[in-house]
Amino acid sequence: MKKLLLLAISAVLLLSACGGSSEPDKPSVVPAISLSTTSVTLDASGAVSTVTLTANVAWSASLSENWVSVSPLSGNGNATLNVSAQANTGTARTATVTIKDADGKLPRTFSVIQSEAGAVDIVPAPDAFDGTKRSGLTYQILVYSFADSDGDGVGDFKGIESKLDYLDGLGVTALWLSPAHPTSSYHGYDVNDYNTLNPLYGSAHTSASAEEDFRSLCTAAKAKGITIYMDYVLNHSGKDNEWFKSVLSNPTGSEYKEYYVLSSDPDADVAAGKIDNYGGASSPGMGGWHQISGGGNVGYKGRLHFKLDWTGATKYITVTETTDAVQSSNSAATKWLWIGTNGHLEGLYETSANIFEITLDVDTDWGFLVRTSSTSWDGGTKYGGKAGASKVTFGQPLALDNSTASNIVFGEATYYFASFDTSMPDLNYGKYTDAKNSKAFEAIAKTVDKWIGFGIGGLRLDAVIWIYQSNNGNANPEFLRQWYERCNTAYHAAGHSDDFFMVGETWLGHDVERTYYKGLPSCFEFEFFGQVTNAINNKNANQFAKNVAGYITSHKAVRSDAVTSIFLTNHDQNRAAEDLGKSAAKEKQAAAMLLTSAGKPYIYQGEELGYWGTKSGGDEYVRTPIKWTKTGDVASKLLGSKVDNSMLSSSISVEAQSETESSLLNVYKAFAKVRNTYPALANGTMTEHGTYNSSNGTYPTIACWYMTSGSDKMLVVHNTDTSAKNLAFTDDLSKPVALLGTAALRGNTLTIGANSSVVFKL
Ligand code: MG
């Protein structure tokens, strides 16, 4: 009984608590809100889900994140809530929805979890190119092997003009032409006349037609926003230059004798500091002195007795004037004299052990030499005097030498200095502090005036570190300062408001090279390609931006408007593809790094096609003609047989690569176009990324930097690894403008593939 009573009382209490009682002194509704779930999961697209809300009061909903939506947001009593979200482009995310009554009480919550997005492949969408080429991108042309217009096998100016559309399509703003002057070589770095042009490059094979065609090229190029840089060789002329020929025929009387570095006693003159162009043993020390044959009073006519002393390590000759009887040549001799002028051999007689003698009538205008073979000059068989010590004094022994082997002469001989080769006599500009007043300086400068009149916009200067071998670090920059000022003044006088461009071949270590900005607005940074290969081959990519930006900073410290000329390789180096293992992926990445880096980039003829080749078989192998069409001829005549025809397959041609979207050529075009589109890429300041940089050893294969110009800012990312990398960014990655390889985004996490590069506009 007691148990039944308790149950009855409980039932009454329960009815009362649930509002089931109708008694007027009790509240009819107890406020209540409940939800059918505590968690809703949406997919990445944000498709709608529902939550059932049970309530007996007015309520409203609040949301912790603005990407989630609930409808309705308020109500009175039961409701079905539609829960949705914006599409998710990133990782999984969570929001909280809170329901409260009108008094802000009875909070009930549920979570909205949205799944992570799938990775979205990056599709570059650059802004439209406005047609203004901003990049300063320069293309290095070897005139003789670029394009041949007349079928003679030699590249020419009309050939270049016919390819201006190609060059414009590459985004090029300047052409550096190999030396275009008359020359005795195929390459042109021995100039025979600075005041005219190579007849082979003219349509009528005359210098006049070459000049006409060159003027036409300058004009046509300018119409496409392309300027022409001539390659000027200031260190030396060619041996067949009229100036030097005059010196050869009359070393002491020529009106051009001051144009060259001449001496009758080089050792003494160098020691006395008389020769500014050459510092002797303490200088960089390339080149040598060469005797000028003939001219002056170095010859002799009359009867002479010759006596060779071959007994000791040093060999001697003693020459004496005589009236003794003339002897005929000894046909069985082992020692011979080569008498100059209508040269003839005379065999000596061994008169005692290792003593050889003969009496002859001689008539020579340059002297004589001793030889130990009657048939060959090879193997050290030629003996002469030492440079500066080859004049005989009658009756006194003269020490012989078979390394220099200068002609043995009878008067003061003249020697010329040549840094490179006997065919390239060094030019003389006197004291470097006053070089502009030297005859050679002004004579050559006047020829630049002429080409400025044709429309050129700059010069590339060859071998500038050899112009003054003495006091190199000061003398050459100061010489170049005078030279640049002279040319730039002439350029302005010709009506130009911009500055003349000039870039020097400063093939030195960076620390010396930078001093040349004291003289020139631009120098080639020969260490740039080393940074590229270090990034790509050695996987030290995270050092790239720091080091390249460092070069530029150090240049600007010398000259605030310094333009750092950057390039992969040139005509004097093994091809870039060689150092990159002939890997197409690496070659493409090298192109992308070149064209996204700060500095003024250069493309060397054929580099955009992936040419390979080394200098081991001859320089010609790195100077291969452009293969324009799949089956057509190339301008190879001046290279002779030194052309790798196996490389020049149809597939490497411009024609084939133009048809293939993924070709190296099209990588160059795409990245050059983006560089031309965005000022920050073209001329901006390069700074390391805040996370992926030289200090971040976790990502050594990532080269990542900003390029900034005013409000224009770009983010550049390269992955040089052979596997993909996931990189989380806080930068806005919503606008990719260039892509090499593969890259995908999952929110702000970039997955960048092997040997891939991507550029974002920020
Ligand atoms: Mg031709």
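The values are calculated or read from the model by the stated rules, or taken from the named source; none is laboratory data. This is a predicted model, so every value here is computed, not measured. As a convention, Cβ positions derive from the backbone with ideal geometry for all residues, glycine included, and neighbour counts pool all protein chains shown.
A compact table of results
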quantity	calculated
Lone unmet requirement of (1) touching a helix residue (DSSP H, G or I) at 6+ places or on another chain (Cβ under 9 Å); (2) surrounded by fewer than 24 Cβ atoms within 10 Å (Cβ to Cβ); (3) touching a residue at least 24 places away in the same chain (Cβ under 8 Å); (4) assigned to a loop (DSSP other than H, G, I, E, B) for Ala117	(1)
Enumerated helices (runs of 4 or more DSSP H) restricted to the stretch 543-597, each holding at least 1 residues that are acidic (Asp, Glu) and farther than 20 Å from His510 by Cα	576-579, 584-596
Flag for Tyr201 being of a type in the set (Ser, Thr, Tyr) and either farther than 25 Å from Ala445 by Cβ or within 14 Å of the ligand (Cβ to nearest atom) (or both)	yes
Test result for Glu478, in a helix (DSSP H, G or I), in contact with a helix residue (DSSP H, G or I) (Cβ under 8 Å, 6 or more places away or on another chain), charged (D, E, K, R) and more than 30 Å from Asn755 (Cα to Cα)	yes
Top-ranked residue in the stretch 638-692 [being free of Cβ contacts under 8 Å to residues at least 24 places away in the same chain and of a type in the set (Val, Ile, Thr); ranked as farthest from Leu762 (Cα to Cα)]	Val643
Residues of the stretch 621-635 classified as among the charged types (D, E, K, R) and surrounded by fewer than 22 Cβ atoms within 10 Å (Cβ to Cβ), total	2
Residue within the stretch 285-308 that is without any contact (Cβ under 8 Å) to a residue 12 or more places away in the chain, surrounded by fewer than 23 Cβ atoms within 10 Å (Cβ to Cβ) and more than 24 Å from Gln396 (Cβ to Cβ) present	no
Tally of residues being part of a helix (DSSP H, G or I) and surrounded by fewer than 23 Cβ atoms within 10 Å (Cβ to Cβ) across the stretch 453-465	3
Scope the stretch 481-527; condition in a loop (DSSP other than H, G, I, E, B) and of a type in the set (Val, Ile, Thr); matching residues	Thr506
Filter result (buried (at least 24 other Cβ atoms within 10 Å of the Cβ) and over 28 Å from the mean Cα position of the chain (by Cα)) within the stretch 201-236	Ala210
Filtered residue count, the stretch 31-56, keeping only those that are β-branched (Val, Ile, Thr), modelled with pLDDT of 95 or more and either buried (at least 16 other Cβ atoms within 10 Å of the Cβ) or under 19 Å from Glu116 (Cβ atoms) (or both)	2
Residue that is surrounded by the fewest Cβ atoms within 10 Å (Cβ to Cβ) [pool: residues in the stretch 237-284 that are of a type in the set (Asp, Glu), modelled with pLDDT under 95 and over 32 Å from the mean Cα position of the chain (by Cα)]	Asp267
Failed criterion for Tyr349 (all others in (1) surrounded by fewer than 18 Cβ atoms within 10 Å (Cβ to Cβ); (2) touching a Leu at 6+ places or on another chain (Cβ under 9 Å) hold)	(2)
Of the criteria (1) aliphatic (A, V, I, L, M); (2) more than 30 Å from Arg746 (Cα to Cα); (3) in the same structural domain as Trp67 (by TED's automatic domain parsing), which one Leu164 fails	(3)
Check on Ala562, in the same structural domain as Arg623 (by TED's automatic domain parsing), surrounded by fewer than 24 Cβ atoms within 10 Å (Cβ to Cβ) and among the aliphatic types (A, V, I, L, M)	yes
Scan of the stretch 166-179 for residues that are part of a loop (DSSP other than H, G, I, E, B) and either within 13 Å of the ligand (Cβ to nearest atom) or not small (Gly, Ala, Ser) (or both), ordered by number	Leu170, Val172, Thr173, Pro179
Asp213 being over 20 Å from Ser636 (Cα atoms) and either more than 13 Å from the ligand (Cβ to nearest atom) or at pLDDT below 95 (or both)	no
Some residue of the stretch 143-157 being within 18 Å of the chain's Cα centre (by Cα), in a loop (DSSP other than H, G, I, E, B) and within 23 Å of Lys222 (Cα to Cα)	no
Single residue of the stretch 362-394 satisfying the filter (more than 46 Å from the chain's Cα centre (by Cα) and among the aromatic types (Phe, Trp, Tyr)) that is farthest from Gln327 (Cα to Cα)	Trp366
Qualifying positions in the stretch 616-641 - more than 16 Å from the ligand (Cβ to nearest atom) and of a type in the set (A, V, I, L, M, F, W, C)	Val622
Yes/no for Ala443 being small (Gly, Ala, Ser) and out of contact with any strand residue (DSSP E or B) (no Cβ under 7 Å at 6 or more places or on another chain)	yes
First in the stretch 150-178 and on the phi > 0 side of the Ramachandran plot, second anywhere and within 12 Å of the ligand (Cβ to nearest atom), Cβ under 7 Å, 6 or more apart	Gly153/Ala635; Gly153/Ser636; Gly153/Lys637
Hits in the stretch 395-424 - residues which are more than 48 Å from the chain's Cα centre (by Cα) and either closer than 23 Å to Ser184 by Cβ or modelled with pLDDT under 90 (or both)	Gly411
Selected residue (criterion: surrounded by the fewest Cβ atoms within 10 Å (Cβ to Cβ)) from residues of the stretch 535-552 that are farther than 15 Å from Leu580 by Cβ, in contact (Cβ under 8 Å) with a residue 12 or more places away in the chain and among the small types (Gly, Ala, Ser)	Ala549
Restricting the stretch 130-165 to residues that are of a type in the set (Gly, Ala, Ser) and modelled with pLDDT under 95, the residue that is farthest from the ligand (Cβ to nearest atom)	Gly131
